[in-house]
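Okay, structure first, notes after.
The values are calculated or read from the model by the stated rules, or taken from the named source; none is laboratory data. Bear in mind that the values here come from a model prediction, so they are computed numbers and not experimental data. Glycine also receives a Cβ, built like all others from the backbone with ideal geometry; neighbour counts cover every protein chain displayed. Just so you know, the surface numbers come from the protein's heavy atoms only, side chains and all, with ligands and any DNA or RNA stripped out. Shrake-Rupley method; radii C 1.70, N 1.55, O 1.52, S 1.80 Å.
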Amino acid sequence: IAVGMAAAGRSTAAYVNELQKMAFQSNLTMQQGQILGGVATRSGLDIGTLSGGLDQLTQNLQDAAKGSGDAQRLFGALGVSFKTSTGQARDTGTVFTEIIERLSDFQDGSDKTMVISKLLGNELQGMARMSKAELKGLTEEAKRGLLTPEQLKSAQDYTKEINKLSASMTDLRNRIGTEAIPAMLQLTELMEKVVGKTFEGSGGGLSRFF
(Lines give C-alpha, C1' and ligand atoms only; values in the text may rest on other atoms or scores of the structure.)
Protein backbone atom coordinates (compact mmCIF):
# COMPACT_ATOMS: atom_id res chain seq x y z
CA ILE A 1 0.00 0.00 0.00
CA ALA A 2 2.79 2.41 0.95
CA VAL A 3 4.55 1.79 -2.38
CA GLY A 4 1.33 2.41 -4.27
CA MET A 5 0.67 5.64 -2.37
CA ALA A 6 4.21 6.85 -3.06
CA ALA A 7 3.82 6.09 -6.76
CA ALA A 8 0.49 7.92 -6.86
CA GLY A 9 2.06 10.90 -5.12
CA ARG A 10 4.92 11.05 -7.62
CA SER A 11 2.49 10.74 -10.54
CA THR A 12 0.27 13.55 -9.25
CA ALA A 13 3.26 15.80 -8.59
CA ALA A 14 4.60 15.19 -12.11
CA TYR A 15 1.16 15.92 -13.60
CA VAL A 16 0.83 19.18 -11.66
CA ASN A 17 4.35 20.15 -12.69
CA GLU A 18 3.41 19.68 -16.36
CA LEU A 19 0.23 21.71 -15.88
CA GLN A 20 2.16 24.48 -14.18
CA LYS A 21 4.64 24.72 -17.06
CA MET A 22 1.82 24.74 -19.62
CA ALA A 23 -0.13 27.39 -17.72
CA PHE A 24 2.94 29.61 -17.45
CA GLN A 25 3.89 29.28 -21.11
CA SER A 26 0.36 29.92 -22.39
CA ASN A 27 -0.65 32.49 -19.75
CA LEU A 28 -3.40 30.30 -18.30
CA THR A 29 -4.71 30.08 -14.77
CA MET A 30 -4.10 26.73 -13.10
CA GLN A 31 -7.85 26.11 -13.21
CA GLN A 32 -7.91 26.69 -16.98
CA GLY A 33 -4.87 24.44 -17.32
CA GLN A 34 -6.52 21.67 -15.32
CA ILE A 35 -9.74 21.85 -17.33
CA LEU A 36 -8.04 21.90 -20.73
CA GLY A 37 -5.62 19.22 -19.57
CA GLY A 38 -8.53 17.09 -18.39
CA VAL A 39 -10.33 17.48 -21.71
CA ALA A 40 -7.15 16.64 -23.62
CA THR A 41 -6.32 13.49 -21.63
CA ARG A 42 -9.90 12.30 -21.92
CA SER A 43 -9.69 12.70 -25.70
CA GLY A 44 -6.45 10.72 -25.89
CA LEU A 45 -3.82 13.49 -25.83
CA ASP A 46 -1.04 14.05 -23.32
CA ILE A 47 -0.28 17.37 -21.67
CA GLY A 48 2.87 17.88 -23.74
CA THR A 49 0.92 17.69 -27.00
CA LEU A 50 -1.77 20.05 -25.72
CA SER A 51 0.91 22.46 -24.51
CA GLY A 52 2.47 22.56 -27.97
CA GLY A 53 -0.88 23.44 -29.54
CA LEU A 54 -1.56 26.15 -26.96
CA ASP A 55 1.90 27.63 -27.56
CA GLN A 56 1.11 27.86 -31.27
CA LEU A 57 -2.27 29.45 -30.57
CA THR A 58 -0.70 31.96 -28.17
CA GLN A 59 1.78 33.00 -30.85
CA ASN A 60 -1.01 33.35 -33.41
CA LEU A 61 -3.02 35.52 -31.02
CA GLN A 62 -0.03 37.78 -30.41
CA ASP A 63 0.69 38.02 -34.14
CA ALA A 64 -2.92 38.87 -34.93
CA ALA A 65 -3.07 41.51 -32.20
CA LYS A 66 0.09 43.07 -33.65
CA GLY A 67 -1.49 43.25 -37.11
CA SER A 68 -0.37 40.08 -38.90
CA GLY A 69 -2.76 39.67 -41.83
CA ASP A 70 -2.40 35.88 -42.04
CA ALA A 71 -3.19 35.34 -38.36
CA GLN A 72 -6.07 37.80 -38.49
CA ARG A 73 -7.61 36.00 -41.50
CA LEU A 74 -7.48 32.67 -39.67
CA PHE A 75 -9.43 34.00 -36.70
CA GLY A 76 -11.72 35.94 -39.00
CA ALA A 77 -12.58 32.75 -40.92
CA LEU A 78 -13.95 31.28 -37.69
CA GLY A 79 -15.54 34.45 -36.41
CA VAL A 80 -13.40 34.37 -33.28
CA SER A 81 -12.13 37.64 -31.80
CA PHE A 82 -8.37 37.71 -31.17
CA LYS A 83 -7.92 40.89 -29.11
CA THR A 84 -9.52 42.76 -26.24
CA SER A 85 -11.03 46.25 -26.31
CA THR A 86 -7.62 47.59 -25.28
CA GLY A 87 -5.90 45.92 -28.25
CA GLN A 88 -4.22 43.16 -26.26
CA ALA A 89 -4.30 39.51 -27.32
CA ARG A 90 -7.16 37.62 -25.67
CA ASP A 91 -6.37 34.85 -23.21
CA THR A 92 -5.41 31.58 -24.86
CA GLY A 93 -7.65 29.29 -22.81
CA THR A 94 -10.89 31.09 -23.67
CA VAL A 95 -10.01 31.43 -27.35
CA PHE A 96 -9.02 27.75 -27.56
CA THR A 97 -12.47 26.66 -26.37
CA GLU A 98 -14.20 29.11 -28.72
CA ILE A 99 -12.21 27.80 -31.68
CA ILE A 100 -13.27 24.21 -31.02
CA GLU A 101 -16.90 25.29 -30.64
CA ARG A 102 -16.80 27.27 -33.90
CA LEU A 103 -15.02 24.49 -35.80
CA SER A 104 -17.88 22.13 -35.00
CA ASP A 105 -20.12 24.31 -37.21
CA PHE A 106 -17.93 23.66 -40.26
CA GLN A 107 -17.92 20.51 -42.39
CA ASP A 108 -14.75 18.44 -42.45
CA GLY A 109 -12.57 19.19 -45.42
CA SER A 110 -9.24 20.61 -46.53
CA ASP A 111 -10.10 24.15 -45.41
CA LYS A 112 -10.96 23.01 -41.89
CA THR A 113 -7.80 20.91 -41.74
CA MET A 114 -5.72 23.90 -42.86
CA VAL A 115 -7.22 26.24 -40.25
CA ILE A 116 -6.61 23.74 -37.43
CA SER A 117 -3.07 23.10 -38.62
CA LYS A 118 -2.16 26.78 -38.74
CA LEU A 119 -3.91 27.85 -35.54
CA LEU A 120 -3.28 24.83 -33.29
CA GLY A 121 -0.96 22.42 -35.08
CA ASN A 122 -1.55 19.06 -36.73
CA GLU A 123 -1.30 17.07 -33.49
CA LEU A 124 -4.53 18.67 -32.26
CA GLN A 125 -6.53 17.81 -35.39
CA GLY A 126 -8.54 15.19 -33.50
CA MET A 127 -9.28 17.22 -30.39
CA ALA A 128 -10.23 20.27 -32.47
CA ARG A 129 -12.89 18.25 -34.33
CA MET A 130 -14.98 17.23 -31.32
CA SER A 131 -18.58 18.37 -31.26
CA LYS A 132 -19.95 21.01 -28.90
CA ALA A 133 -21.70 18.26 -26.94
CA GLU A 134 -18.46 16.26 -26.61
CA LEU A 135 -16.54 19.35 -25.53
CA LYS A 136 -19.20 20.24 -22.96
CA GLY A 137 -19.31 16.71 -21.58
CA LEU A 138 -15.54 16.36 -21.26
CA THR A 139 -15.28 19.83 -19.75
CA GLU A 140 -17.82 18.94 -17.06
CA GLU A 141 -15.94 15.73 -16.30
CA ALA A 142 -12.67 17.64 -16.07
CA LYS A 143 -14.23 20.19 -13.69
CA ARG A 144 -15.34 17.41 -11.36
CA GLY A 145 -11.75 16.22 -11.16
CA LEU A 146 -10.21 19.61 -10.35
CA LEU A 147 -7.58 19.67 -7.64
CA THR A 148 -8.11 22.23 -4.89
CA PRO A 149 -5.58 25.04 -4.36
CA GLU A 150 -4.37 23.20 -1.25
CA GLN A 151 -3.85 19.97 -3.21
CA LEU A 152 -2.00 21.84 -5.95
CA LYS A 153 0.27 23.47 -3.37
CA SER A 154 0.98 20.12 -1.74
CA ALA A 155 2.00 18.63 -5.09
CA GLN A 156 4.18 21.65 -5.87
CA ASP A 157 5.81 21.47 -2.41
CA TYR A 158 6.47 17.76 -2.92
CA THR A 159 8.23 18.49 -6.23
CA LYS A 160 10.35 21.19 -4.58
CA GLU A 161 11.42 18.81 -1.81
CA ILE A 162 12.27 16.06 -4.29
CA ASN A 163 14.35 18.53 -6.30
CA LYS A 164 16.17 19.62 -3.12
CA LEU A 165 16.84 15.99 -2.20
CA SER A 166 18.13 15.25 -5.69
CA ALA A 167 20.46 18.27 -5.53
CA SER A 168 21.72 17.20 -2.09
CA MET A 169 22.44 13.67 -3.36
CA THR A 170 24.36 15.13 -6.30
CA ASP A 171 26.41 17.30 -3.94
CA LEU A 172 27.13 14.28 -1.74
CA ARG A 173 28.29 12.17 -4.70
CA ASN A 174 30.51 15.01 -5.86
CA ARG A 175 32.11 15.38 -2.41
CA ILE A 176 32.71 11.65 -2.11
CA GLY A 177 34.14 11.55 -5.61
CA THR A 178 36.44 14.51 -4.95
CA GLU A 179 37.77 12.95 -1.74
CA ALA A 180 38.29 9.60 -3.48
CA ILE A 181 40.22 10.99 -6.46
CA PRO A 182 43.65 11.31 -4.71
CA ALA A 183 43.47 7.71 -3.49
CA MET A 184 42.39 6.51 -6.93
CA LEU A 185 45.31 8.37 -8.53
CA GLN A 186 47.75 6.68 -6.15
CA LEU A 187 46.23 3.29 -6.91
CA THR A 188 46.44 3.95 -10.64
CA GLU A 189 50.11 4.96 -10.39
CA LEU A 190 50.87 1.83 -8.35
CA MET A 191 49.14 -0.40 -10.91
CA GLU A 192 51.12 1.25 -13.71
CA LYS A 193 54.39 0.48 -11.87
CA VAL A 194 53.37 -3.13 -11.30
CA VAL A 195 52.41 -3.59 -14.93
CA GLY A 196 55.67 -1.98 -16.04
CA LYS A 197 57.79 -4.29 -13.91
CA THR A 198 55.85 -7.31 -15.10
CA PHE A 199 56.46 -6.28 -18.70
CA GLU A 200 60.20 -5.86 -18.06
CA GLY A 201 60.37 -9.27 -16.43
CA SER A 202 58.86 -10.90 -19.50
CA GLY A 203 61.87 -9.94 -21.61
CA GLY A 204 60.52 -6.64 -22.83
CA GLY A 205 58.45 -8.12 -25.61
CA LEU A 206 55.58 -10.38 -26.59
CA SER A 207 57.54 -12.87 -28.69
CA ARG A 208 57.48 -15.44 -25.96
CA PHE A 209 53.78 -15.78 -26.33
CA PHE A 210 54.00 -16.89 -29.99
task: Could you list all residues from region 139-149 that are open to solvent by less than 90 Å² (accessible area, probe 1.4 Å) and either closer than 13 Å to LEU36 by Cβ or in contact with a Ser or Thr (Cβ under 6 Å, 6 or more places away or on another chain) (or both)?
output: THR139, GLU141, ALA142, GLY145, LEU146
task: Could you please let me know if SER43 is within 21 Å of GLY137 (Cα to Cα) and open to solvent by 40 Å² or more (accessible area, probe 1.4 Å)?
output: yes
task: Could you please let me know if ILE162 is under 25 Å from the mean Cα position of the chain (by Cα) and at pLDDT 90 or above?
output: no
query: Looking at region 70-86, is at least one residue charged (D, E, K, R), open to solvent by 40 Å² or more (accessible area, probe 1.4 Å) and modelled with pLDDT under 90?
result: yes
Odd one out for LEU152, checked against (1) at pLDDT below 90; (2) open to solvent by 30 Å² or more (accessible area, probe 1.4 Å): (2)
message: Among the residues of region 111-128, are any in contact with a Lys or Arg (Cβ under 9 Å, 6 or more places away or on another chain), exposed (fewer than 14 other Cβ atoms within 10 Å of the Cβ) and not in a loop (DSSP other than H, G, I, E, B)?
response: no
query: Which of the following residues is over 30 Å from GLY38 (Cα atoms), part of a helix (DSSP H, G or I) and modelled with pLDDT under 75: GLY205, GLY196, GLY177?
result: GLY196
field: Single residue of GLN56, GLN62 found to be open to solvent by 50 Å² or more (accessible area, probe 1.4 Å), closer than 18 Å to GLY33 by Cα and part of a helix (DSSP H, G or I)
entry: GLN56
statement: Across (1) farther than 20 Å from GLY38 by Cα; (2) assigned to a helix (DSSP H, G or I), ASP108 clears everything bar (2)
query: Pairs under 7 Å by beta carbon, first residue touching a residue at least 40 places away in the same chain (Cβ under 8 Å) in region 131-147, partner outside any helix (DSSP H, G or I) and surrounded by 14 or more Cβ atoms within 10 Å (Cβ to Cβ), six or more apart or different chains?
result: LEU138/SER43
